[in-house]
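Report on one structure; see the data block that follows.
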Amino acid sequence: MKWLISLSVVFLTVPWYSTLACTVFVVGKKASQDGSVMVTHSNDGEFETDPRLVKIPSAEYLEGSQRPVFFSPESYPRYVGTDRGNIPEYLPRDESQKPFQAIGYIPQVNKTFAYLEDTYGAVNEMQVGIGESTCSGVFGASPLGSPNGTALFSIDALTQIAMERASTARQAVELMGKLAEEHGFYGAGQFEGTAESLAVSDPNDVWIFHILPDPTGRSAIWAAQRVPEYGFAVLANMFVIRQIDPDDTENFLMSQSVHSVARDYGWWQPEDGMLDFTKIYSDGEYSHKFYSGRRMWGAYHLAAPSKNFPSEYVDLQSDPVYPVFTQPDSLLSQQDLFRFHRYTYQETPFDLSAPGNLAGGPFSSPDRWKAGSGERNVKGNWERPIGLYRTSDTYVVQSRNDASTGAVLWYGPSSAVATVFTPFLVGLSDIPASFRSGHQAEFSRESAFWAVCYAHNVANLKWSYMYNDITERQLKLESSSVAMVQAMEAEFQRNGNFDRVEEAYQSNVEAIVSSLWSLSDELMFKYADGFVNEPGNMSQMVGYPEWWLEAVGFRDGPPPPPTKPKCCHPPKIQNLIENRGMDSMPTQLRGYQTKKSQQLY
């Protein structure tokens, strides 16, 4: 009955942009190795999401100014125009790109903070960080300017304003909630994507924030829960907040509509006890069962294997088998989170790259391409991994309590599986062109996004071999970056010379992008045409694994040629050598007998 009622109050007509499917990790400061608070975000679009990393500078405004709010397409280009500042990346590239028109306005503040953004606001100069994950919700709304449009704010715009104005995580949560209540909130699509979840951090605190439209489409329902300092949490396209306590204002924040709407619809009464936010307002997992739950299990399996959380459940919405947060078995680093974002359930029953998994091909690729005509006729689903080929970018925000240079944004363009997480500071004068340019519709060898995408796609030729080379390069470059960040922080605290810091960060970016493009060429050379080429051991014939040969019927192929009478065999090379001597052999035949393979003719 609840589901039917929720349908009747949705104002949607057609979807206006693709639903995203992002994964977020949350780490409290006493759960991290260095005392940092960390939040992450993977932007898992449909190969059309805008992967550019852009710096939005701080700005000052006259009293009485208005701040424009724009529709958020979440595809390339995510914004065109000068109303958000004279930012080169957002100027029209050609006549086909028209400046966006505001769909509404709110009062502007006198001064805004500088910040870095991809599709969403990522981190500002006050070290407030945000990670985003789209969710399903029981109510939906449309943006102003669209048919039946009632709401001003998307999650994109809310995060941008939070970056501009908030100096703490709590302040960001309260600001976004207040604006959405006053002006309305719309989600990223129809029932799969009408709601949103954020992780919001600063150097001391981190909050989980859930939001969806209210039944009128002109306001919002939202709640937020503080993750304790020792906590680790995961958001995977579904609400996770359960019982909310309106009297515990230290750990919970919420709109009054959380309780009033549930009461009005008969979904909850005060005598029922604390309201379960997910049970009441989530519309469950979208796409298929385990779409969210498998990633939640996977993240907790990585961070806290001793807890032995179950991998199976009945209904994630009504069956809360996973906690809002847990304490990890050991303290986590940013490099642990890089690894978590690359996870395809290795060495578990759900391993997408396990030998013997025919769907991954002979070389065990974890990639499962998005549905085409075949999938429309053959109904089914693949496991949904955390590490995903169609990701436009992934980042880790590291809010540091004792850092003079501020928070570090570890940004990985394209798929996390093949990317190299590269550090940036809000205080840098600008983002290098290789990261603030490029998109999926135009190939460019100047683009960091395409450097990673290229390497990932080359690796699918021989994944189980090539991915070892990719992980080796990732470890080398990321470890070097970690050392550089630590060295530059220490140097800046000694001498206050930020020019030296900027130089080191910019040089590090150049080295990473250059190494990624070299990697693709190295992979092509080393594994061309199915061989393995290594110094001193070229043209190794490695063929296919036995399990795959058995699975595809290799034994049933053409039989050997018929046996010929002994008299009809051609003379063997060895006979020629014995009868005529090596010196009389053609040069190209000398050494023939040293070849391991005798299948050259």
Within the range 418-426, is there a residue that is at pLDDT 95 or above, small (Gly, Ala, Ser) and crowded, with 24+ Cβ neighbours inside 10 Å? yes
Determine which single condition residue 146 fails, assuming it passes every other condition in (1) over 19 Å from the mean Cα position of the chain (by Cα); (2) at pLDDT 95 or above. (2)
Test of understanding: among 483, 487, which residue is surrounded by 12 or more Cβ atoms within 10 Å (Cβ to Cβ) and in a helix (DSSP H, G or I)? 487
Close pairs (7 angstrom Cβ cut-off, 6 or more residues apart or separate chains): free of Cβ contacts under 8 Å to residues at least 60 places away in the same chain in the range 143-158, small (Gly, Ala, Ser) and assigned to a helix (DSSP H, G or I) anywhere: 158/180
Could you tell me how many of the residues in the range 284-305 are of a type in the set (A, V, I, L, M, F, W, C) and part of a loop (DSSP other than H, G, I, E, B)? 2
Pairs please, first residue from the range 91-108 and within 24 Å of residue 148 (Cβ to Cβ), second anywhere and part of a strand (DSSP E or B) and of a type in the set (Lys, Arg), Cβ atoms under 6 Å, 6+ apart in sequence or on different chains. 106/67
Is there a residue being touching a strand residue (DSSP E or B) at 6+ places or on another chain (Cβ under 7 Å) and over 30 Å from residue 341 (Cα atoms) anywhere in the range 233-248? yes
Taking the residues in the range 410-447 that are of a type in the set (Phe, Trp, Tyr) and part of a loop (DSSP other than H, G, I, E, B) as candidates, determine which candidate is farthest from residue 505 (Cα to Cα). 443
On the basis of being touching a Lys or Arg at 6+ places or on another chain (Cβ under 8 Å), under 24 Å from residue 210 (Cβ atoms) and modelled with pLDDT of 95 or more, does residue 56 make the cut? no
Scan 147, 77 and give me the residue that is of a type outside the set (D, E, K, R) and surrounded by fewer than 15 Cβ atoms within 10 Å (Cβ to Cβ). 147
Sort through 380, 361 and tell me the only one that's more than 16 Å from the chain's Cα centre (by Cα) and either more than 15 Å from residue 288 (Cα to Cα) or among the aliphatic types (A, V, I, L, M) (or both). 361
Check whether at least one residue in the range 278-290 is within 18 Å of the chain's Cα centre (by Cα), closer than 29 Å to residue 396 by Cβ and free of Cβ contacts under 8 Å to residues at least 60 places away in the same chain, and report yes or no. no
Looking only at the range 329-358, which residues are within 21 Å of the chain's Cα centre (by Cα), assigned to a loop (DSSP other than H, G, I, E, B) and not polar (S, T, N, Q)? 342, 343, 345, 350, 351, 352
Residue check for residue 239: more than 21 Å from residue 162 (Cβ to Cβ), in contact (Cβ under 8 Å) with a residue 40 or more places away in the chain, of a type in the set (A, V, I, L, M, F, W, C) and assigned to a loop (DSSP other than H, G, I, E, B): no
Does residue 318 fit the bill of being more than 14 Å from residue 387 (Cβ to Cβ) and at pLDDT 95 or above? no
All positions within the range 274-288 that are out of contact with any Ser or Thr (no Cβ under 7 Å at 6 or more places or on another chain) and either buried (at least 20 other Cβ atoms within 10 Å of the Cβ) or modelled with pLDDT of 95 or more (or both): 274, 275, 276, 277, 278, 280, 281
Where in the range 33-116 are there strands (runs of 3 or more DSSP E), lying wholly inside it, with at least 3 residues that are in contact with a Gly (Cβ under 6 Å, 6 or more places away or on another chain)? 37-43
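Let's see how each residue does on (1) among the hydroxyl-bearing types (Ser, Thr, Tyr); (2) more than 22 Å from residue 231 (Cα to Cα):
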| position | (1), (2) |
| --- | --- |
| 305 | no, no |
| 312 | no, yes |
| 329 | no, no |
| 333 | yes, no |
| 342 | no, no |
| 348 | yes, yes |
| 397 | no, no |
Name the one entry in 95, 63, 132 that is of a type in the set (D, E, K, R) and in contact with a strand residue (DSSP E or B) (Cβ under 9 Å, 6 or more places away or on another chain). 132
I'm told residue 159 meets every condition in (1) assigned to a helix (DSSP H, G or I); (2) surrounded by fewer than 24 Cβ atoms within 10 Å (Cβ to Cβ); (3) of a type in the set (Val, Ile, Thr) except one. Can you identify the failing condition by its number? (2)
Output the number of the condition that residue 261 fails; it satisfies all remaining conditions of (1) buried (at least 21 other Cβ atoms within 10 Å of the Cβ); (2) closer than 24 Å to residue 162 by Cα. (2)
So, in the range 117-152, exactly how many residues are touching a Pro at 6+ places or on another chain (Cβ under 7 Å) and closer than 21 Å to residue 183 by Cβ? 5
Quick check: anything in the range 439-447 touching a residue at least 40 places away in the same chain (Cβ under 8 Å), over 13 Å from the mean Cα position of the chain (by Cα) and over 29 Å from residue 200 (Cβ atoms)? yes
Could you tell me how many of the residues in the range 381-409 are touching an Asp or Glu at 6+ places or on another chain (Cβ under 8 Å), buried (at least 21 other Cβ atoms within 10 Å of the Cβ), of a type in the set (D, E, K, R) and part of a loop (DSSP other than H, G, I, E, B)? 1
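The values are calculated or read from the model by the stated rules, or taken from the named source; none is laboratory data. Owing to the predicted nature of the structure, the values given are computational and were not obtained by experimental measurement. Cβ: placed from backbone, ideal geometry, glycine included. Neighbour counts: every protein chain shown.
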